[in-house]
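For reference, the structure is listed below as structure tokens.
The values are calculated or read from the model by the stated rules, or taken from the named source; none is laboratory data. Nothing here was measured: the structure is a model prediction, and the numbers come from that model. Virtual Cβ from ideal backbone geometry, glycine too; neighbours counted across all protein chains shown. These accessible areas exclude ligands, DNA and RNA; they are computed on the full protein's heavy atoms, side chains included. Shrake-Rupley method; radii C 1.70, N 1.55, O 1.52, S 1.80 Å.
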Amino acid sequence: MKILILSASTGGGHMRASNAMKEYFEENNIDVNVVDTLKYISPLLNKTVTEGYEYLAKRMPNIYKMIYKSTNNKVVNHLIFGINSIVSRKLVPLINDYKPNIIVTTHPFTNEMVSKLKSIGKADVPVVCIITDYAPHRTWITENVSAYIVASDDMMKSMMEMGVDKNIVYPFGIPIEDEFYTKRDRNILLKQMGFKSSIPTVLIMAGSFGVENIVSIYKDILKIDLDFQIIIITGRNPKLYDTIESIVYEREKKVYKYPKLFSKFSFNIKSWKYISKLNKLRKRLNFSEGNGEDLESKIYRKDTRIIYFTDEVHKYMCIADLIITKPGGLTITEALACDLPMAIFNAIPGQEEENADFLVDNNMAVRLNRDTTAETIKDLLKNKKKLRFMKHSCETFDKSESLKNILNLIVNLVEK
């Protein structure tokens, strides 16, 4: 059996879902071809769409929100379908050469393209559409689709309201790599990775956009008067990595520069000169009254590890007690697989806002407000009962059979 997966690299999540399926299907001795469709059709088109999406989402979120809402209108969406139909014929050579038994789509554009090809007789195989967010959008909905895979049962009603037959909608969950569902001994992993098991671990994932939000969040949670450790995964964002590193470095300089001074010139020293120097340091570092050891311990409270890029995100999610992240479809699916409560920030208007609504409504996440970030995170870390309840909510949302169920469905469709 040959499976052709048509995706696109707008946002990153679509390709990650595609590659997760590819890895699993190949383990089951199936021939799989994943194609970044827009890049295949035209590198210029891919660059325009991808960079345009990133620019609007990052720089002009209100405009992006307006476009997102307008394209959820049936009439406007029909116009977009017409534009996609024009370029869809460029996929014909790919399909004819590869001769797939089934086509899987993980992006609305590719879904519309294949639908058009089927309607004009240029493709005659089943089509499975994987919706990679937690709420449907009309751009995903089209004719000639054999099955829709959705993230949750909550989406069934909305899919039916958009005219989709409920019998072809399967709430199997968004496909992710199996390693996120693998259960590990957290304490052993903490020790192996060089972290403390006696204090909470907060994971911050930046996503592909922005520097300012992550820096602000990091600075805010540094002020929390609780003992916990921080992991920041910046992804391939050198500017963010360098900025966070400079903050950590400045704090470490205080750690290594001042402890000797604190212990040498604590308050049992009578010299007014040294007491004056210590008071100035205390004021500069915002420390309360206390001896040198107390002052030193306050600096050590927020050990931070910065990760530029890693293929072991599943391990960091496994050892974390809380993740601070944007609510991208794939990232939150991975966190849910690791039973990891979330604090959501800076949701892109549209699909990420709807993802955040799903998480909050199901007690899996809290929203972060710029003015109350530190207070929200502190309350969560202190309120172990609430954190356990959120973790339990994540545990009950079990989609660990997603890849297996998707493959079984594909086999059944091909056999029919």
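Conditions tested, residue by residue: (1) within 19 Å of the chain's Cα centre (by Cα); (2) among the aromatic types (Phe, Trp, Tyr); (3) modelled with pLDDT of 95 or more; (4) assigned to a helix (DSSP H, G or I).
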{"position": "ILE348", "(1), (2), (3), (4)": "yes, no, no, no"}
{"position": "ASN363", "(1), (2), (3), (4)": "yes, no, yes, no"}
{"position": "ASN369", "(1), (2), (3), (4)": "yes, no, no, no"}
{"position": "LEU387", "(1), (2), (3), (4)": "no, no, yes, yes"}
{"position": "HIS392", "(1), (2), (3), (4)": "no, no, yes, yes"}
{"position": "SER400", "(1), (2), (3), (4)": "yes, no, yes, no"}
{"position": "LEU409", "(1), (2), (3), (4)": "no, no, yes, yes"}
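So, LYS283, is that one over 29 Å from LYS239 (Cα atoms) and modelled with pLDDT under 90 or not?
In short, yes.
Summed over segment 22-37, residues that are touching a strand residue (DSSP E or B) at 6+ places or on another chain (Cβ under 6 Å) and either open to solvent by 60 Å² or more (accessible area, probe 1.4 Å) or closer than 14 Å to GLU177 by Cα (or both) total 4.
Restricting segment 314-328 to residues that are at pLDDT below 95 and open to solvent by 10 Å² or more (accessible area, probe 1.4 Å), the residue that is farthest from the chain's Cα centre (by Cα) is LYS326.
Going by the conditions given, is ALA343 part of a strand (DSSP E or B), in contact with a helix residue (DSSP H, G or I) (Cβ under 7 Å, 6 or more places away or on another chain), free of Cβ contacts under 8 Å to residues at least 60 places away in the same chain and open to solvent by less than 70 Å² (accessible area, probe 1.4 Å)? It would help to see each step written out before you state the result.
Working: part of a strand (DSSP E or B): yes; in contact with a helix residue (DSSP H, G or I) (Cβ under 7 Å, 6 or more places away or on another chain): yes; free of Cβ contacts under 8 Å to residues at least 60 places away in the same chain: yes; open to solvent by less than 70 Å² (accessible area, probe 1.4 Å): yes.
For ALA343, the condition - part of a strand (DSSP E or B), in contact with a helix residue (DSSP H, G or I) (Cβ under 7 Å, 6 or more places away or on another chain), free of Cβ contacts under 8 Å to residues at least 60 places away in the same chain and open to solvent by less than 70 Å² (accessible area, probe 1.4 Å) - is met.
Run down VAL414, VAL366 and say which single residue is within 29 Å of THR10 (Cβ to Cβ), among the hydrophobic types (A, V, I, L, M, F, W, C), free of Cβ contacts under 8 Å to residues at least 40 places away in the same chain and surrounded by fewer than 23 Cβ atoms within 10 Å (Cβ to Cβ). Break it down stepwise before answering.
Numbers: VAL414 fails: free of Cβ contacts under 8 Å to residues at least 40 places away in the same chain.
When all the criteria are applied, what remains is VAL366.
Annotation: of all residues in segment 154-211 being of a type in the set (S, T, N, Q) and open to solvent by less than 60 Å² (accessible area, probe 1.4 Å), the one that is farthest from ASN408 (Cα to Cα) is THR201.
Which of the residues that make up segment 88-124 are basic (Lys, Arg) and either outside any helix (DSSP H, G or I) or buried (at least 17 other Cβ atoms within 10 Å of the Cβ) (or both)? Step through it out loud before you land on a result.
Looking only at segment 88-124, we keep the residues that are basic (Lys, Arg), and these are 89-90, 99, 116, 118, 122.
Scanning segment 88-124 gives LYS99, LYS116, LYS118, LYS122.
In segment 151-202, the qualifying residues are those that are assigned to a loop (DSSP other than H, G, I, E, B) and among the acidic types (Asp, Glu), and the one that is nearest to ASN383 (Cα to Cα) is ASP185. Just to be sure, is ILE269 in a loop (DSSP other than H, G, I, E, B), at pLDDT below 75 and open to solvent by less than 80 Å² (accessible area, probe 1.4 Å)? Taking the combined requirement at face value, the residue satisfies it.
As a summary of the residue check, GLU51 satisfies the conditions (1) open to solvent by 30 Å² or more (accessible area, probe 1.4 Å); (2) modelled with pLDDT of 95 or more except for the one numbered (2).
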